[in-house]
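Notes for the one structure printed next.
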Amino acid sequence: MLDRTLEALRGMVWPGGDAVGARAAYERTVEAYFGSGTACVFWKGRIALYAILQALGIGPGDEIIVPGYTCVMVPGPVLYLGAKPVYVDIEPRFFVTPAQAVAASVSPRTKAILVQHTYGFAAPVQEIRATADARGIPVIEDCCHTFGGRVNGRLLGTLGHAAFFSAQWNKPYSTGLGGVALVQDAALAKCVRAEQAACPPASRGAAFMLAAQLLVHELFVYPSTTALATRLFRWLSRHGLVVGSSSRAEFEPVMPAGYLRTAAPVQCRLGHREVARIAANMACRKRAAEFYRTELPRLGFELSATPPHWDTPLLRFPVRVANKAAALAEAARYSVEIGSWFECPLHPIETDQAAFGYRAGICPVAERAAAEVINLPTHRRVGPRDLQRTLEFVQKVCRPADTADR
Ligand SMILES: Cc1ncc(COP(=O)(O)O)c(C=O)c1O
C-alpha cells in the first residue's frame with residue numbers, strides 16, 4: 001500500500017521523528033478502539049509483557065502460569081524477573097489452556113496467570129477469572145495473535161486485568177516489530193507507564209534499519225516470495241545485518257543488554273494507521289478462513305467448529321497434518337506461505353526448552369500439536385490465487401493427521 005511505503009521512507013529520512021506526538025496518537029487510537037484501558041507502546045510485544053510483570057511487582061519465588069504452547073519470548077520476561085513459569089497444557093481443538101487445567105496449577109505462589117488467544121481462537125478468560133479473582137490473582141491476556149476478536153461481543157484484550165499485543169512482521173497488523181500493553185486497572189496502568197518512561201528509545205540506527213526493512217517488505221514480500229524472503233532475512237539477521245525479531249541473546253533465560261526499548265516513531269505512525277483500519281484487515285482474515293473452512297473438509301481434514309458467540313478472525317489457519325516436516329520442506333518449491341509455528345512447546349525449535357523450565361512430556365497435547373500443526377496465511381496480501389495455490393499445495397502434499405484418538 002502506498003501510504004505504508006511512504007511512511008517507511010519517512011522513517012528512513014527522519015528515524016528520530018516526533019516520538020512523543022506519534023506515540024500519543026497511536027496510544028489514544030488503541031484506547032479508543034478498545035473503549036477501556038490505558039495503552040503503552042513498546043519496541044516489541046515481549047517488552048510490553050515485561051513492563052506489565054514488572055508493574056505487578058513480580059520477583060524471585062513467584063510463579064506465573066503460562067501456556068505450554070507459546071513463543072519462548074513469553075517465558076523470557078518471567079525468568080528475567082527471577083520468577084518461575086508454570087506450564088499448563090492446551091486443549092486440542094483451539095490450542096488454548098482450559099480453565100480447569102489452569103485452576104489445578106494455581107499454588108500459593110501464583111502471582112499472575114497468562115492466557116493466550118492462540119492463532120486468534122479465544123481462550124476461556126472469563127472462566128479463568130472465576131478462579132483468579134477469588135484468589136486475587138491478576139490475569140494477563142496474550143493477544144499477540146488477535147486484534148479485534150470478540151466473545152459475546154466483548155473484545156479480547158479487555159477481559160483480563162491487562163493484555164499485550166504484538167505488531168511484529170506476521171502479527172494481526174504489522175509495524176515490523178512492535179508491542180502494546182493495554183491495562184484495565186488505573187493503578188497498574190500508572191506503573192506500566194512509569195516502566196515505559198524508564199525505557200530508552202530504540203536507537204536511530206535501529207529505527208532507520210527497521211524503516212528500511214518495512215520498505216523492502218512492502219515492495220517485495222508477497223505470499224509467493226515469503227519463503228525465500230524469510231530465509232534471506234534469517235541469514236541477514238544471524239549476521240547482524242538487519243534488525244531481527246529476536247537476538248541470539250534472547251534465547252537465554254537472562255535479560256540481554258539493551259532489551260528494554262519504547263516504540264520508534266515509524267512504528268507508532270504505522271500502528272496508528274493500521275488500528276484505524278483494522279476492520280478491513282479483519283475482513284480479509286475472515287474471508288481466507290472461510291475459504292479454508294469450506295475447502296479443507298473436502299480434502300479429508302477435520303476442523304473444529306468455533307462456537308457461535310465467537311467472532312474471532314484468525315491470524316493463521318492451523319491444520320493438523322501427518323507429514324509436517326515434508327510439508328514444510330515442500331512449501332518453498334510450491335511458492336506458498338506455510339507457517340511452522342509452534343514448532344515445540346516453547347517455539348522455535350532451536351530453543352533450549354529446559355533452560356526455560358520446560359521438561360519434555362509435561363504438556364503432551366501441546367507436543368503433539370507442535371508435531372502436527374502447520375498454519376496457512378489469512379493476511380491482506382493473500383488473494384484468491386494464493387488461496388487456491390495454498391489449497392492445491394495442501395491437496396498434493398499434506399496428509400491429514402489422525403484425529404480419531406482425540
Ligand atoms: C503468542 C505470542 N506471544 C508473544 C510473542 C512475542 O511478541 P513480540 O515478537 O512482539 O515480542 C509472540 C511472538 O511471536 C507470540 O507468538
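The values are calculated or read from the model by the stated rules, or taken from the named source; none is laboratory data. Predicted model only: the values in this text are computed from it and were never measured. Here the Cβ is made from the backbone with ideal geometry for all residues, glycine too, and neighbour counts use every protein chain on show.
Within region 129-137, is even one residue touching a residue at least 12 places away in the same chain (Cβ under 8 Å), under 21 Å from GLU367 (Cβ atoms) and crowded, with 19+ Cβ neighbours inside 10 Å? No. Before we move on, is ARG234 loosely packed, with under 15 Cβ neighbours inside 10 Å and under 18 Å from GLN168 (Cβ atoms)? Against the criterion (loosely packed, with under 15 Cβ neighbours inside 10 Å and under 18 Å from GLN168 (Cβ atoms)), ARG234 qualifies. For region 72-92, filtering for residues that are more than 16 Å from VAL254 (Cα to Cα) and not charged (D, E, K, R) leaves 5. Within region 19-74, the set of residues being away from the ligand (no atom under 16 Å from the Cβ), over 22 Å from ILE128 (Cα atoms), in contact (Cβ under 8 Å) with a residue 12 or more places away in the chain and β-branched (Val, Ile, Thr) comprises THR29, THR38.
What residue, of VAL86, VAL96, VAL115, is over 22 Å from GLN54 (Cβ atoms) and modelled with pLDDT of 95 or more? Testing whether each residue is over 22 Å from GLN54 (Cβ atoms) and modelled with pLDDT of 95 or more leaves just VAL96.
Matching residues to (1) of a type in the set (Lys, Arg); (2) at pLDDT 95 or above; (3) within 21 Å of the chain's Cα centre (by Cα):
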| residue | (1), (2), (3) |
| --- | --- |
| ASP3 | no, no, no |
| VAL20 | no, no, no |
| LEU79 | no, yes, yes |
| GLY82 | no, yes, no |
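Of the strands (runs of 3 or more DSSP E) that lie entirely inside region 99-210, those containing 1 or more residues that are within 16 Å of the ligand (Cβ to nearest atom) and in contact with a Cys (Cβ under 8 Å, 6 or more places away or on another chain) span 110-116, 162-166, 179-183.
At least 3 residues that are farther than 25 Å from LEU232 by Cβ and over 17 Å from the mean Cα position of the chain (by Cα) in each: list the helices (runs of 4 or more DSSP H) lying fully within region 308-406 that qualify.
Working: elements: 324-331, 364-372, 384-397.
Output list reads 364-372, 384-397.
Can we say ALA24 is among the small types (Gly, Ala, Ser) and over 22 Å from the mean Cα position of the chain (by Cα)?
Details: among the small types (Gly, Ala, Ser): yes; over 22 Å from the mean Cα position of the chain (by Cα): yes.
So ALA24 fits the description; yes.
Pairing residues of region 360-373 that are more than 10 Å from VAL88 (Cβ to Cβ) with residues that are of a type in the set (D, E, K, R), at Cβ distances under 7 Å and at least 6 apart in sequence or on separate chains, gives PRO364/ASP89; VAL365/ASP89; VAL365/GLU91; ALA370/GLU343; ALA371/LYS324; GLU372/ARG320; GLU372/LYS324; VAL373/ARG320. Mind listing just one residue for me: the one in region 214-246 that is within 16 Å of the ligand (Cβ to nearest atom), touching a Leu at 6+ places or on another chain (Cβ under 9 Å) and of a type outside the set (Gly, Ala, Ser) and, of those, modelled with the highest pLDDT? In this case the residue turns out to be LEU214. For region 196-211, the set of residues classified as more than 12 Å from ARG261 (Cβ to Cβ) and surrounded by 15 or more Cβ atoms within 10 Å (Cβ to Cβ) consists of PHE208, MET209, ALA211, listed by residue number. Search region 346-377 for residues being acidic (Asp, Glu) and more than 20 Å from ALA322 (Cα to Cα), and hand back the single one that is surrounded by the most Cβ atoms within 10 Å (Cβ to Cβ). Filtering first and then ranking leaves ASP352.
All of LEU219, LEU270 fail the test of being among the aliphatic types (A, V, I, L, M) and surrounded by 19 or more Cβ atoms within 10 Å (Cβ to Cβ), apart from LEU270.
Exactly one residue among ALA283, ALA264, ALA279, ALA249 is more than 25 Å from ALA327 (Cα to Cα), modelled with pLDDT of 95 or more and within 16 Å of the ligand (Cβ to nearest atom), and that residue is ALA264.
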